[in-house]
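Input: a single structure, listed below in structure tokens.
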Amino acid sequence: MALEALESARKAVEAAGDKQAVNIALLDVRQVCSFADYFLICSGDSDRQVQAIYEEIEHVLKKAGVLPNYREGTADSGWMLLDYGDVVSHIFSPFEREFYQLDELWKAATPVLRIQ
């Protein structure tokens with residue numbers, strides 16, 4: 001049985017936190033976005049950490065029977081993405097996060113949680 005979107009999103013948040021992701025934001029984008037229910041936006045302090053966060057999210061959700069529809073990015077690009085359809089995880093380096101301003105772009109979304 002597939003996980004509910006919020007449960008998948010919370011598992012992704014926990015996985016990111018387990019790898020010491022910083023500035024974690026979980027946004028409910030259902031009212032402002034047609035292609036997803038939740039966005040996880042978080043940062044890693046190095047390419048290695050960005051990769052580790054990405055791998056941990058993928059591992060934890062795979063263990064729960066949830067596979068990504070789409071993957072994009074590389075750690076050295078500063079932005080990696082896992083798209084599960086209803087949940088999209090964005091893992092950034094601090095520079096790219098500041099540059100792309102996804103938090104600001106989706107400010108109309110409802111914050112579910114923020115962990116600085």
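Please treat every number below as a calculation from the coordinates, not as lab data. This structure is a prediction, so every number in the text was calculated from the model and none was measured. Please note: Cβ atoms are built from the backbone with ideal geometry, for glycine as well, and neighbour counts cover all protein chains shown.
Output the pairs from Lys19/Lys63; Lys62/Lys107; Lys11/Lys107 with a Cα-Cα distance over 20 Å in this structure; if there are none, say none.
Violating the 20 Å Cα-Cα cut-off are Lys62/Lys107; Lys11/Lys107.
In the neighborhood of Ile41, defined by Cβ-to-Cβ distances under 14 Å, what is the net charge if each Lys or Arg adds +1 and each Asp or Glu adds -1? It would help to have the intermediate numbers written out before the result.
Numbers: positive: Arg97, Lys107, Arg114; negative: Asp28, Asp83, Glu96, Glu98, Asp103, Glu104.
Cβ neighbours under 14 Å give a net charge of -3.
Using Cα-Cα distances under 8 Å and only pairs 6 or more residues apart, what relative contact order does the chain have, in percent?
Here the relative contact order equals 33 percent.
If each residue's Cβ is checked for other Cβ atoms within 10 Å, how do Val88, Val66 rank with the fewest at the top?
Listed from fewest to most nearby Cβ atoms, that is Val66, Val88.
Short version: ³J(HN,Hα) in whole Hz for each residue of region 39-44, in order, from phi by Karplus 6.51 cos²θ - 1.76 cosθ + 1.60 (θ = phi - 60°), x for Gly and Pro, what are they?
10, 9, 10, 8, 10, x
Of the chymotrypsin sites (Phe, Trp or Tyr not before Pro) in region 28-116, which ones lie in a loop per DSSP and count no more than 14 other C-beta atoms within 10 Å? Spell out each step's value before the answer.
Numbers: sites: Phe35, Tyr38, Phe39, Tyr54, Tyr70, Trp79, Tyr84, Phe92, Phe95, Phe99, Tyr100, Trp106; in loops: Phe35, Tyr84, Trp106.
Of the chymotrypsin sites (Phe, Trp or Tyr not before Pro), the ones in loops of region 28-116 whose Cβ has at most 14 other Cβ atoms within 10 Å are Phe35.
Which of the GluC sites (Glu not before Pro) across region 1-104 are loop residues per DSSP, with 13 or fewer other Cβ within 10 Å? Before the final figure, lay out each step's value.
Details: sites: Glu4, Glu7, Glu14, Glu55, Glu56, Glu58, Glu72, Glu96, Glu98, Glu104; in loops: Glu4.
Those that pass, being in a loop and sparsely packed, are Glu4.
Roughly how many debye, to the nearest 20, is the charge dipole of region 44-116 about its Cα centre, given +1 on each Lys and Arg Cβ, -1 on each Asp and Glu Cβ, and no other charges?
Charge dipole, region 44-116, about its Cα centre: 260 debye, nearest 20.
Out of region 34-116, which trypsin sites (Lys or Arg not before Pro) are coil in DSSP terms and have no more than 14 other C-beta atoms within 10 Å?
Within region 34-116, the qualifying trypsin sites (Lys or Arg not before Pro) (loop, at most 14 other Cβ atoms within 10 Å) are Lys107.
Over the chain, with a Gaussian network built from C-alpha contacts below 10 Å, which listed residue (Leu67, Leu26, Leu40) shows the highest mean-square fluctuation?
Of the options given, Leu67 has the highest mean-square fluctuation.
Calculate how many DSSP beta bridges within the chain are antiparallel, expressed in % of all such bridges and rounded to the nearest 5.
Of the beta bridges lying entirely in the chain, close to 75 percent run antiparallel.
Evaluate 2.2 N^0.38 Å with N set to the residue count of region 50-105, then give the Cα radius of gyration divided by it.
1.13
In nm, to one decimal, how far is the Thr110 label point from the Lys63 one, both placed 7 Å along Cα→Cβ?
3.0
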